[in-house]
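Heads up, the thing below is written out as structure tokens.
The values are calculated or read from the model by the stated rules, or taken from the named source; none is laboratory data. This one's a predicted model, so the numbers in the text were calculated from it and none came from an experiment. Cβ sites come from the backbone with ideal geometry, for glycine too, and all protein chains shown count toward neighbours. We work out accessible area using only protein heavy atoms, side chains counted, and drop any ligands, DNA or RNA first. Shrake-Rupley method; radii C 1.70, N 1.55, O 1.52, S 1.80 Å.
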Amino acid sequence: MSELNLILLGPPGAGKGTQAERLRDDFGIPHISTGDILRGQVAEGTELGRQAKRYMDAGELVPDDVIIDMITERIAEGDARDGFLLDGFPRNRQQAEALNEALGSLDRRLTSVLLIDVPDDDVVRRLAGRRVCVKNPSHIYHVDFDPPKHEGVCDQDGARLIQRDDDKEDTIRRRLEVYHSQTEPLIGYYDDAGLLRRFDGRRSPDEVHAHIRATVATLRLEETL
Ligand code: AMP
């Protein structure tokens, strides 16, 4: 069986989480979101969550050592044996290199890096209106573009919808600055490695999904040849 070891790259609000959920269902590989894992730790009140929260609320990156250990352990778990979709990791050069090392020590390599690109103004509009399910943060809505059937209530499980603390406008701006200075250079890094595929994130979620799914299906075929 060929592996699909994928990274979803792109600014906050590009739709990485939405696409990752769909691709997980299409290809049966786990969606590993560092942001979701960290928010889970915050909600549980763990020591890691307590430490991470102040960085997250400020729109800054949580220190690399914490994140790298978290991901190295996660990709070695059984459900990621045939592949994974990393969402929100790596976010800088050091994390990217640590990932290469971790994969190398498991005798694995990246299949591809899927870049979903969206201009800053669209990011701000999207994130400021984003609402997430309090029970399952991968159930995501938008007050204008993708409202739930009943205001403030998740269609999928009836739980309450909330705005993430870091989806307030000032924090969004800071997250974008961090993206441009630290994460965007990874586009060139993975392009040079011949791994990058680009997708226009301004298109509808269905269109982006159809495009990515077709690309991943081709990649999987190529992996088996
Ligand atoms: P996200 O949901 O991916 O936008 O992540 C929310 C927040 O979690 C970020 O603004 C960071 O504070 C933190 N975070 C998520 N992933 C990482 C990462 N790979 N490295 C450092 N911090 C991260």
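Put simply, of T218, T224 the only residue that is more than 18 Å from the chain's Cα centre (by Cα) and either of a type in the set (D, E) or over 24 Å from E21 (Cβ atoms) (or both) is T224. Of everything listed in (1) farther than 19 Å from P185 by Cα; (2) within 13 Å of the ligand (Cβ to nearest atom); (3) of a type outside the set (S, T, N, Q), the single unmet condition for L99 is (1).
Scanning the range 126-140 for residues that are open to solvent by 20 Å² or more (accessible area, probe 1.4 Å) and either outside any loop (DSSP other than H, G, I, E, B) or modelled with pLDDT of 95 or more (or both) gives R126, A128, R130, R131, I140. Condition check for L110 on (1) under 19 Å from R220 (Cβ atoms); (2) not in a loop (DSSP other than H, G, I, E, B): one failure, at (2).
The residues of the range 130-157 include none that are over 21 Å from the mean Cα position of the chain (by Cα), small (G, A, S) and within 19 Å of A14 (Cα to Cα). Restricting the first member to the range 53-78 and to residues that are over 16 Å from D36 (Cβ atoms) and of a type in the set (S, T, Y), and the second to residues that are assigned to a helix (DSSP H, G or I) and more than 6 Å from the ligand (Cβ to nearest atom), the beta-carbon pairs closer than 7 Å and six or more apart or on different chains are T72/A102.
The listed residues are L221, L176, and the only one of them that is of a type outside the set (S, T, N, Q) and open to solvent by less than 40 Å² (accessible area, probe 1.4 Å) turns out to be L176. Residue-level check: of (1) without any contact (Cβ under 8 Å) to a residue 12 or more places away in the chain; (2) over 27 Å from R93 (Cβ atoms), G104 misses just (2).
Examine the range 71-84 for a residue that is more than 11 Å from the ligand (Cβ to nearest atom), modelled with pLDDT of 95 or more and part of a strand (DSSP E or B), and state whether such a residue exists. Among the residues of the range 71-84, at least one is more than 11 Å from the ligand (Cβ to nearest atom), modelled with pLDDT of 95 or more and part of a strand (DSSP E or B), which makes the answer yes. The helices (runs of 4 or more DSSP H) falling completely within the range 141-225 that include 3 or more residues that are among the hydrophobic types (A, V, I, L, M, F, W, C) map to 169-178, 205-224.
Open to solvent by 30 Å² or more (accessible area, probe 1.4 Å) and hydrophobic (A, V, I, L, M, F, W, C) - does that describe any residue in the range 159-173? For the range 159-173, residues open to solvent by 30 Å² or more (accessible area, probe 1.4 Å) and hydrophobic (A, V, I, L, M, F, W, C): present. Answer yes or no as to whether V123 is assigned to a strand (DSSP E or B), open to solvent by less than 70 Å² (accessible area, probe 1.4 Å) and under 17 Å from G88 (Cβ atoms). No: the conditions fail for V123.
When only residues in the range 42-67 that are among the acidic types (D, E) and under 17 Å from F89 (Cβ atoms) count, which is surrounded by the most Cβ atoms within 10 Å (Cβ to Cβ)? This residue is E60. Checking each residue in the range 88-107 for being charged (D, E, K, R) and either assigned to a loop (DSSP other than H, G, I, E, B) or modelled with pLDDT under 95 (or both) picks out R91, D107.
Against the criterion of being over 23 Å from A14 (Cα atoms) and hydroxyl-bearing (S, T, Y), T72 qualifies. Residues in the range 75-94 that are open to solvent by 60 Å² or more (accessible area, probe 1.4 Å) and within 15 Å of the chain's Cα centre (by Cα): R91 alone.
Out of curiosity, is F27 touching a Pro at 6+ places or on another chain (Cβ under 6 Å) and either within 17 Å of I116 (Cβ to Cβ) or more than 10 Å from the ligand (Cβ to nearest atom) (or both)? So F27 does not fit the description; no.
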